[in-house]
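S.K.: Sharing a structure with you now.
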Amino acid sequence: MLQKTQGIVLHTVKYKDTAMMATVYTEAAGRASFVVPVSRSRRAAVRSVLFQPPALVELEADVRPNNPVSRVKEARTAHPYLSLPYDPCKAAIALFLSEFLYRALREEAENRPLFAYLRSSLLWLDECRAGFANFHLVFLMRLSRFLGLYPNLEGYADGDWFDLRAACFTPLRPTGHGDCIAPAEAARIARLMRMDYGTMRLFRLSREERARCLDVILTYYRLHLPDFPELKSVEVLRELFD
């Protein structure tokens, strides 16, 4: 059965000399795998160059029951990026987000609110001209809502610790484990959780502070997502946004 859907390309790998395998987060079915034919012809119904993470694509695929991989029959760009692939800082963020989402999004089921969040976030970053240094931090914290991992912010007070395992603030240092954030850094995390893309430029961080926030957020995800690995693209982000 032919199925049309929009999708966000998360990862590609060479499959054969004439094809590649693409992991795409689709609007219609969540995470899905597709065989994409490789052709250099401009007249080809599917051009593999369209599948560069995190491209927004519209595709038609041959979806068959009990077959985990579908073959793409037609594809086109759903929304061409204006700056994301060409701005070095945005490109580094896009590389990181693609790798993160490839590892974090595992559900093979329709989740249109999540797809809409991912799509709108990528378009926001593409159109933003300045003040996006904290984008990846805000993106990850807001994403946790859709994955059922958003921390409990109720009752936060100055001087509280943040328990990464229990996902909540506490006036006393947690006992029994070391996965916690001291009050000074916990205050920074609390402010970060309340930001959105419109206000994040008001929250100024040094490169070291931003790197530390990212380390904390990734540790949080590793504690709550089984088998979540170290990400190779993190090191690129550490060198950005002085």
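S.K.: Can you work out which of the residues in the range 60-75 that are acidic (D, E) and without any contact (Cβ under 8 Å) to a residue 60 or more places away in the chain is most open to solvent (accessible area, probe 1.4 Å)?
M.R.: Taking the candidates together, the pick is E74.
S.K.: Is there a residue being assigned to a strand (DSSP E or B) and in contact (Cβ under 8 Å) with a residue 40 or more places away in the chain anywhere in the range 34-55?
M.R.: So far as the range 34-55 goes, no, none of its residues is assigned to a strand (DSSP E or B) and in contact (Cβ under 8 Å) with a residue 40 or more places away in the chain.
S.K.: Between a residue in the range 197-217 that is part of a helix (DSSP H, G or I) and any residue that is of a type in the set (K, R) and surrounded by 12 or more Cβ atoms within 10 Å (Cβ to Cβ), which pairs come within a Cβ distance under 9 Å, given they are 6 or more apart or on different chains?
M.R.: From residues that are part of a helix (DSSP H, G or I), the pairs are R207/R238; E209/R188; R210/R238; A211/R238; R212/R188; C213/R188; L214/R238; V216/R188.
S.K.: In addition: In contact (Cβ under 8 Å) with a residue 40 or more places away in the chain and under 18 Å from R212 (Cα atoms): which single residue out of L153, L149, L140, L122 fits that description?
M.R.: Going through L153, L149, L140, L122 in turn, the sole match is L140.
S.K.: Can I ask one more? Which residue is nearest to W124 (Cα to Cα), if the candidates are limited to the range 148-186 and must be aliphatic (A, V, I, L, M) and open to solvent by 20 Å² or more (accessible area, probe 1.4 Å)?
M.R.: So, considering only residues that are aliphatic (A, V, I, L, M) and open to solvent by 20 Å² or more (accessible area, probe 1.4 Å), the one nearest to W124 (Cα to Cα) is L149.
Each row is one residue, and each column tells you yes or no for (1) touching a Leu at 6+ places or on another chain (Cβ under 6 Å); (2) outside any loop (DSSP other than H, G, I, E, B).
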site	(1), (2)
P80	no, no
K90	yes, yes
F96	yes, yes
E108	no, no
F115	no, yes
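S.K.: Give all pairs with beta carbons closer than 6 Å in which a residue from the range 3-25 that is within 14 Å of K73 (Cα to Cα) meets a residue that is of a type in the set (F, W, Y) and open to solvent by 60 Å² or more (accessible area, probe 1.4 Å); count only pairs at least 6 apart in sequence or on separate chains.
M.R.: Listed pairs, sorted by first residue: M21/Y15.
S.K.: Now a separate question. Only one of (1) at pLDDT below 85; (2) more than 20 Å from W124 (Cβ to Cβ) is not met by Y221, so which one is it?
M.R.: (1)
S.K.: Continuing with the same structure: Would you check which residues across the range 92-101 are open to solvent by less than 40 Å² (accessible area, probe 1.4 Å) and in contact with a helix residue (DSSP H, G or I) (Cβ under 9 Å, 6 or more places away or on another chain) and list them?
M.R.: Scanning the range 92-101 gives A92, I93, A94, F96, L97, E99, F100, L101.
S.K.: Additional query: Within the range 158-196, which residues are closer than 25 Å to A130 by Cβ and part of a loop (DSSP other than H, G, I, E, B)?
M.R.: Within the range 158-196, R194, M195, D196 meet the criteria.
S.K.: Can you report the number of residues in the range 218-233 which are assigned to a helix (DSSP H, G or I) and in contact with a Phe, Trp or Tyr (Cβ under 7 Å, 6 or more places away or on another chain)?
M.R.: 2
S.K.: Taking L84 and the conditions (1) over 26 Å from G148 (Cβ atoms); (2) open to solvent by 10 Å² or more (accessible area, probe 1.4 Å), which numbered condition does it fall short on, given that it satisfies the others?
M.R.: (2)
The values are calculated or read from the model by the stated rules, or taken from the named source; none is laboratory data. None of the values given here were measured: they were computed from a predicted structure. All Cβ positions, glycine included, derive from the backbone under ideal geometry; neighbour counts span all protein chains shown. Keep in mind that these areas ignore ligands, DNA and RNA; they rest on the heavy atoms of the full protein, side chains included. Shrake-Rupley method; radii C 1.70, N 1.55, O 1.52, S 1.80 Å.
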